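Here the structure is laid out as structure tokens; the discussion comes afterwards.
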Amino acid sequence: MTIPARMTVTDRRSPALAIGWEFRQRHRWGLVAFVGYLIVLAAIKLVIVTHDFPIDFDSPETFAFAFVIPVSSYFTYFIAVFTFGLDGDIAARQSMYPARMFVRPVSTTALAWWPMLYGTAASVILWTATRLLALWPSSLEVPVVWPGFLAVVLLAWAQALTWMPYGLPGVRVLAMVLWLTAIDAIVILALHFRASEAAMIAFLLPQIPLAYLVARYAVARARRGDVPDWSGAIPWLRTSGGSQPRRSFRSAASAQAWFEWRLSGKSLPVWIGVVLPFELLLFWTAGTASALLLEYLILVLLTPIMIATFAAATVRRASANMSDSYGVPPFISTRPLTNAQLIAAKLKTTLASTALAWLLIIVAVPLALAWSGEMPLVLERTRRFAEAVGTPRAVVFSLLVVAAFIASTWKQLVQTLYIGLTGRAGLIKGSIFVTLTVLFLIGPIAEWLIETRRLGRLWSKLPLIFTLLVCVKMSAAVWIATRLYRGRLVSDRALVAGAACWCVAVFALYGVLVWMLDTPHIPHYLLMLLAILAIPLARLSAAPLALAWNRHR
Amino acid sequence: MPAGAVYGLVGANGAGKTTLIKHILGLLRAESGSVRVFGLDPVADPVGVLSRIGYLSEENDVPGWMRVEELIRYTRAFYPSWNDAYAEELRQTFALDPSAKIKSLSKGQKARVGLLIALAHRPALLVLDEPSSGLDPIVRRDILGAVIRTIADEGRTVLFSSHLLDEVEEVADHVTMINKGSIVLSAPLDEIKQSHRVDGRVPSLDEIFVARVGRTEDPSRSLPSSGAKGSG
């Protein structure tokens, strides 16, 4: 551990304090954001609820935005922090516990248990604070104690499984998914059967010391370098990537695309492959309830978009190295490629990644519908829809919906490139904070608009809002294009071709929207504005600019 | 820098050696003045400059997940001048297993891999930033000495940054000393040695460095002034 100049030996005599200081110092902005969230919750509770503002805090949407999303996000963040998961390779055989800590004159028990105790304390504070502050007087029944225990148990097991050395690459991911999902499944079953709080605590409490003991064992093994190797038992693992000559890359661009694919391209299809079977199993529970089946289908279609949001974190990184999250490492920055070529390799990879993920879904969903016996129900509903709107319109609508889901998945993967590739930690963390804040505020604001009957007024102002947004978007695009041109970051031909492609996409979308929404209530110019806003332009074209800013500091 | 020589860039830690190298590679944008490599601006034309440079980083940040064979295959795609036979010769000389993952290699082996991909396209300029940090003395002497001499003999240029002055003294034709971002001495090695001669004795580069760079801290250690170029 590198001790900064500000921290002297006399400051931290206790290993526990030193370990705690490291967590606090490294993740201070995350903690500041967490405290900010709690302050906002307290303010809402004190100011808005006590003054009886006309906001319906009782709705599931508000509950989700104010409580479930922030708590889940923070809990995921705590898992990443307290398992040291931000530093290591989760797929590696070796323990993810930082090896630099093993040479400290500290007992193995202290090494294992202090981070666990800090994690436990953080989880308890997270639950207690949000339970007290985020739950305003309502009819929602939220348990008091056991969810806190659940958070502690999940975090403790995540730590134990993360720090354990394994015999094969990837086993850690499998072990974590299976074990944590099993605990979650038992909890969901208990909720279904309305288990009492005492029963839940009886299930969860004994797991805490057990996880602590397993974690101590894992750290002890890792500390003495005891990493099993099971690859000898599996012949193909011994020879994979062996010395047999392979085909050369056609060009530098294809080599870089391969590099990007190995680095980040696989994560989206792999996660879809892991999650999809569990979601498809739900089809067997739908029975004849078409509404329920529709919900399950929407869930399946939304999954790639949601996973892409997280997978984007790996795509937008400039670095191949886990420890260097922001800057461009010399290995990449000294490739004889232009910034535009480096970005093109990323975009190509995201297209392949999206295509593979959706291929899995397009193949698996009809198969699951057929095997679960739900296909006739879907066909019947589709036939009725075609009769109602006409077959051509129904076909185009269905294709458009699927295309929109696919495009949204790709958009999620690439739309934050321009932030991530700047390599500026402040910008990246700030954008995450802004996104979480928007997510947090969007629910209450929507409720407020509905409750105060301002929705009609907002609808009438929609053309003005869209026009302003289009102006902002086009101004940003012009500024970016000028910078790209002046900095010679993109060739003139690529700039013109990009602009032409964007125009074609906008007009194509406009044409489809006019054909689909042929109603006097929606003016055509509004559809044009919508098409301009829907097709990515400014943020995507800013990516080479961001990379140049990072690569040539 | 004229072509065909080995340039030793020496300075204490934090003197600015890596910063200078980053400017040459186009990884830093000059706040004032300009940088030209092969007559090109490395920031404006990274492809033109970097395709003619072989670079071994002090950090040696070759991705650990790649296998040696994959790294060679990947790197050769970027350099039209890549020489397969030479790459294979280097691989065998360095005893690198093509199926080995980079992360499983020792520090010395990783440095050898980095050297292989820096050399196999026969760059016009080889930039080595503290290359000896990953090599034991025997490997350092055998490999680096041979490689640097070979490249210099072929009319190629080597820029070699180090604070191990005996190493620089052994291989460099021209030495540039920098301190706190400024050049304090830049001249051919022989000229430097001759001009710092004390009572007929030729001092080591180590002694000259201490005298030049350590002047402000201990003026009594200064050697007689030289005729070599230097900004002081």
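Quick check: anything in the range A:154-162 at pLDDT 85 or above, surrounded by fewer than 19 Cβ atoms within 10 Å (Cβ to Cβ) and not hydrophobic (A, V, I, L, M, F, W, C)?
no
Quick one: A:Asp184 ticks every box in (1) free of Cβ contacts under 8 Å to residues at least 40 places away in the same chain; (2) buried (at least 19 other Cβ atoms within 10 Å of the Cβ) except a single one, so which number is it?
Checking A:Asp184 against (1) free of Cβ contacts under 8 Å to residues at least 40 places away in the same chain; (2) buried (at least 19 other Cβ atoms within 10 Å of the Cβ), the one that fails is (2).
How about the range A:15-109: which helices (runs of 4 or more DSSP H) wholly inside it have at least 2 residues that are hydrophobic (A, V, I, L, M, F, W, C) and either under 20 Å from A:Pro147 (Cα atoms) or modelled with pLDDT of 80 or more (or both)? Steps first, please.
On the way: elements: A:15-26, A:28-43, A:60-63, A:69-82.
In the range A:15-109, the matching helices (runs of 4 or more DSSP H) lie at A:15-26, A:28-43, A:69-82.
Run down B:Val49, B:Val62, B:Val68, B:Val113 and say which single residue is more than 29 Å from A:Gly88 (Cβ to Cβ) and not basic (Lys, Arg).
Working: B:Val62 fails: more than 29 Å from A:Gly88 (Cβ to Cβ); B:Val68 fails: more than 29 Å from A:Gly88 (Cβ to Cβ); B:Val113 fails: more than 29 Å from A:Gly88 (Cβ to Cβ).
Within the list B:Val49, B:Val62, B:Val68, B:Val113, the selection yields B:Val49.
Quick one: what pairs do we get from the range B:90-111, first residue under 17 Å from B:Leu56 (Cα atoms) and more than 14 Å from chain A (Cβ to nearest Cβ), second surrounded by fewer than 19 Cβ atoms within 10 Å (Cβ to Cβ) and at pLDDT 85 or above, C-beta under 6 Å, 6+ apart or different chains?
The qualifying pairs do not exist here.
Which of the residues that make up the range A:406-426 are among the hydrophobic types (A, V, I, L, M, F, W, C) and surrounded by 15 or more Cβ atoms within 10 Å (Cβ to Cβ)?
Answer for the range A:406-426, where residues must be among the hydrophobic types (A, V, I, L, M, F, W, C) and surrounded by 15 or more Cβ atoms within 10 Å (Cβ to Cβ): A:Ile406, A:Ala407, A:Trp410, A:Leu413, A:Val414, A:Leu417, A:Ile419, A:Leu421.
Within the range A:388-422, can you find the residues that are free of Cβ contacts under 8 Å to residues at least 60 places away in the same chain and polar (S, T, N, Q)?
Once the filter is applied, which keeps residues that are free of Cβ contacts under 8 Å to residues at least 60 places away in the same chain and polar (S, T, N, Q), the range A:388-422 yields A:Thr391, A:Ser398.
Pick from A:Phe405, A:Phe397, A:Phe385: which is in a helix (DSSP H, G or I) and under 24 Å from A:Val275 (Cα atoms)? Write out each step before concluding.
Values: A:Phe397 fails: under 24 Å from A:Val275 (Cα atoms); A:Phe385 fails: under 24 Å from A:Val275 (Cα atoms).
Matching residue, one of A:Phe405, A:Phe397, A:Phe385: A:Phe405.
Filter the range A:250-269 down to the residues that are crowded, with 16+ Cβ neighbours inside 10 Å and either small (Gly, Ala, Ser) or modelled with pLDDT under 85 (or both) and list them by number.
Of everything in the range A:250-269, those that are crowded, with 16+ Cβ neighbours inside 10 Å and either small (Gly, Ala, Ser) or modelled with pLDDT under 85 (or both) turn out to be A:Ala252, A:Ala253, A:Ala255, A:Ala257, A:Leu263, A:Ser264, A:Gly265, A:Lys266, A:Ser267.
Yes/no matrix, rows are residues, columns are (1) of a type in the set (S, T, N, Q); (2) over 24 Å from the mean Cα position of the chain (by Cα); (3) facing chain B (nearest Cβ under 9 Å); (4) farther than 22 Å from B:Val68 by Cβ:
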position: A:Ala255; (1), (2), (3), (4): no, yes, yes, no
position: A:Ser267; (1), (2), (3), (4): yes, no, no, yes
position: A:Ile272; (1), (2), (3), (4): no, no, no, yes
position: A:Glu279; (1), (2), (3), (4): no, no, no, yes
position: A:Leu282; (1), (2), (3), (4): no, no, no, yes
position: A:Gly287; (1), (2), (3), (4): no, yes, no, yes
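What's the number of the only condition in (1) at pLDDT below 85; (2) over 21 Å from A:Leu347 (Cβ atoms); (3) surrounded by 14 or more Cβ atoms within 10 Å (Cβ to Cβ) that A:Leu530 fails to meet?
A:Leu530 satisfies every listed condition except (1).
Condition first: of a type in the set (A, V, I, L, M) and more than 20 Å from the chain's Cα centre (by Cα). Now tell me which residues in the range B:44-80 satisfy that. Write out each step before concluding.
First, the residues of the range B:44-80 that are of a type in the set (A, V, I, L, M): B:44, B:47, B:49-50, B:53, B:56, B:62, B:66, B:68, B:71-72, B:77.
Passing the criteria: B:Ala44, B:Val47, B:Met66, B:Val68, B:Leu71, B:Ile72, B:Ala77.
Does the range A:477-488 contain at least one residue that is touching an Asp or Glu at 6+ places or on another chain (Cβ under 8 Å) and in a helix (DSSP H, G or I)?
Yes.
Can you tell me how many residues in the range B:90-102 are surrounded by fewer than 18 Cβ atoms within 10 Å (Cβ to Cβ), assigned to a helix (DSSP H, G or I) and under 22 Å from the mean Cα position of the chain (by Cα)? Spell out the reasoning first.
First, the residues of the range B:90-102 that are surrounded by fewer than 18 Cβ atoms within 10 Å (Cβ to Cβ): B:92-95, B:97, B:99-101.
This time we only want the ones that are assigned to a helix (DSSP H, G or I), so: B:92-93.
Then keep just the ones that are under 22 Å from the mean Cα position of the chain (by Cα); that gives B:93.
Within the range B:90-102, residues that are surrounded by fewer than 18 Cβ atoms within 10 Å (Cβ to Cβ), assigned to a helix (DSSP H, G or I) and under 22 Å from the mean Cα position of the chain (by Cα) number 1.
Can you pull out the residues in the range A:192-216 that are without any contact (Cβ under 8 Å) to a residue 40 or more places away in the chain and under 30 Å from A:Arg104 (Cβ atoms)? Break it down into steps so the answer makes sense when it comes.
Of the residues in the range A:192-216, the ones without any contact (Cβ under 8 Å) to a residue 40 or more places away in the chain are A:192-196, A:198-199, A:202-203, A:206, A:209-210, A:213.
Selection gives A:Pro209, A:Leu210, A:Leu213.
Report, by residue number, each residue of the range B:29-67 that is of a type outside the set (Lys, Arg), outside any loop (DSSP other than H, G, I, E, B) and either touching a Gly at 6+ places or on another chain (Cβ under 7 Å) or at the interface with chain A (Cβ under 9 Å from one of its Cβ atoms) (or both).
B:Leu40, B:Pro46, B:Val47, B:Gly48, B:Val49, B:Leu50, B:Ile53, B:Tyr55, B:Leu56
Please determine, by comparing only the residues of the range B:68-86 that are assigned to a helix (DSSP H, G or I) and more than 12 Å from every other protein chain (Cβ to nearest Cβ), which one is surrounded by the fewest Cβ atoms within 10 Å (Cβ to Cβ). Break it down into steps so the answer makes sense when it comes.
Going residue by residue through the range B:68-86, those that are assigned to a helix (DSSP H, G or I) are B:68-76, B:84-86.
Remaining after also requiring more than 12 Å from every other protein chain (Cβ to nearest Cβ): B:85-86.
Working: B:Ala85: 8, B:Tyr86: 14.
Out of the qualifying residues, it is B:Ala85.
Scan the range B:1-28 residue by residue and report those that are within 14 Å of chain A (Cβ to nearest Cβ), more than 18 Å from B:Arg52 (Cα to Cα) and small (Gly, Ala, Ser).
Scanning the range B:1-28 gives no hits.
For the range A:506-524, state whether one or more residues are within 28 Å of A:Leu547 (Cα to Cα) and free of Cβ contacts under 8 Å to residues at least 40 places away in the same chain.
Checked the range A:506-524: at least one residue is within 28 Å of A:Leu547 (Cα to Cα) and free of Cβ contacts under 8 Å to residues at least 40 places away in the same chain.
Sort out which residues of the range A:489-534 are assigned to a loop (DSSP other than H, G, I, E, B) and closer than 27 Å to B:Asp45 by Cα, and write them in order of number. Give the derivation first.
Here is the first cut: in the range A:489-534, the residues assigned to a loop (DSSP other than H, G, I, E, B) are A:489-491, A:517-523.
Residues satisfying the conditions are A:Leu489, A:Val490, A:Ser491.
Regarding B:Ala85, is this residue of a type in the set (A, V, I, L, M) and touching a residue at least 24 places away in the same chain (Cβ under 8 Å)?
no
The values are calculated or read from the model by the stated rules, or taken from the named source; none is laboratory data. Fair warning: this is a prediction, and the values are worked out from it, not measured in the lab. Glycine also receives a Cβ, built like all others from the backbone with ideal geometry; neighbour counts cover every protein chain displayed.
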